[in-house]
Each structure stands twice: as C-alpha cells, then as structure tokens.
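Peer 1: After the structure tokens below, expect a handful of questions from me.
The values are calculated or read from the model by the stated rules, or taken from the named source; none is laboratory data. As the structure is a computational prediction, the values presented were derived from the model and not from experiment. In this analysis, Cβ positions are derived from the backbone assuming ideal geometry, glycine residues included, and neighbour counts consider all displayed protein chains. Heavy atoms of the whole protein, side chains included, go into the accessibility calculation; ligands, DNA and RNA do not. Shrake-Rupley method; radii C 1.70, N 1.55, O 1.52, S 1.80 Å.
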Amino acid sequence: VNLRRATAADVSPDGRALVLDLHKTAKRTGRPLYVPLPAAAAAVVARLAAAHPEGPLFRSPEGLEWNRVRLASLVRYYAQRAGLGGRFS
C-alpha cells in the first residue's frame, strides 16, 4: 500500500532509499517512512524515476496507477495460474 504512493520526489538524494511522508501510519507516528533499497532495487527505482518524474513510480503494465482492485486482480490471476484455490489478499 505504501509503495504504490511512491513518486520520484520520494527518492532520497543518494538514491538508496524511499522516504515517504504520506504513509498509512504517518498521523500516528509523525515521522516519514524510510524504505532502504538494495542495489538492484535502487537501480529499478532510478529507472522508474527517470521514466516517471511526475506521478506514481510503480504502475501497472498498462501504465495505470495501482489501486486496490488492480492489486487484488493481479493476486487472484497468479493464484489461479499457480493452481491455488481459496481466497487471497
């Protein structure tokens, strides 16, 4: 949920972390959420930040912002492909 809100402005100056001011516990903690990025993830985030300087970094294959319905559909799709039954979230 938090990562779907990440934008290029949330990438730390050194590119090794995401610093999210708006996250699900921001009101309670009063602090930004610091998400350290391993080298491989930092490279992906740098590429996405260059491609999408405005708006969300992480987008669907169609270029749309992730939302609750899209994420649930994706989980359901891969669960079915894996032959798993039941409900997933």
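Peer 1: Going by the structure shown, is ALA46 modelled with pLDDT of 95 or more, open to solvent by 30 Å² or more (accessible area, probe 1.4 Å) and in a helix (DSSP H, G or I)?
Peer 2: It is true that ALA46 is modelled with pLDDT of 95 or more, open to solvent by 30 Å² or more (accessible area, probe 1.4 Å) and in a helix (DSSP H, G or I).
Peer 1: Show the residue pairs that are 6+ apart or on different chains and have beta-carbon atoms under 8 Å apart, the first residue being within the stretch 1-19 and farther than 20 Å from ASN67 by Cα, the second being loosely packed, with under 14 Cβ neighbours inside 10 Å and of a type in the set (Phe, Trp, Tyr).
Peer 2: Here the result reads ALA17/TYR34; VAL19/TYR34, each pair linking the stretch 1-19 to a residue that is loosely packed, with under 14 Cβ neighbours inside 10 Å and of a type in the set (Phe, Trp, Tyr).
Peer 1: Taking GLY30, is it surrounded by fewer than 14 Cβ atoms within 10 Å (Cβ to Cβ), of a type outside the set (Phe, Trp, Tyr) and either in contact with a Phe, Trp or Tyr (Cβ under 7 Å, 6 or more places away or on another chain) or under 16 Å from ARG5 (Cα atoms) (or both)?
Peer 2: In short, no.
Peer 1: Filter the stretch 80-89 down to the residues that are surrounded by 11 or more Cβ atoms within 10 Å (Cβ to Cβ) and in contact (Cβ under 8 Å) with a residue 12 or more places away in the chain and list them by number.
Peer 2: PHE88
Peer 1: Sticking with this one: Find the residue count for the stretch 57-79, including only residues that are open to solvent by less than 80 Å² (accessible area, probe 1.4 Å), among the aliphatic types (A, V, I, L, M), without any contact (Cβ under 8 Å) to a residue 24 or more places away in the chain and not in a loop (DSSP other than H, G, I, E, B).
Peer 2: Result for the stretch 57-79: 4.
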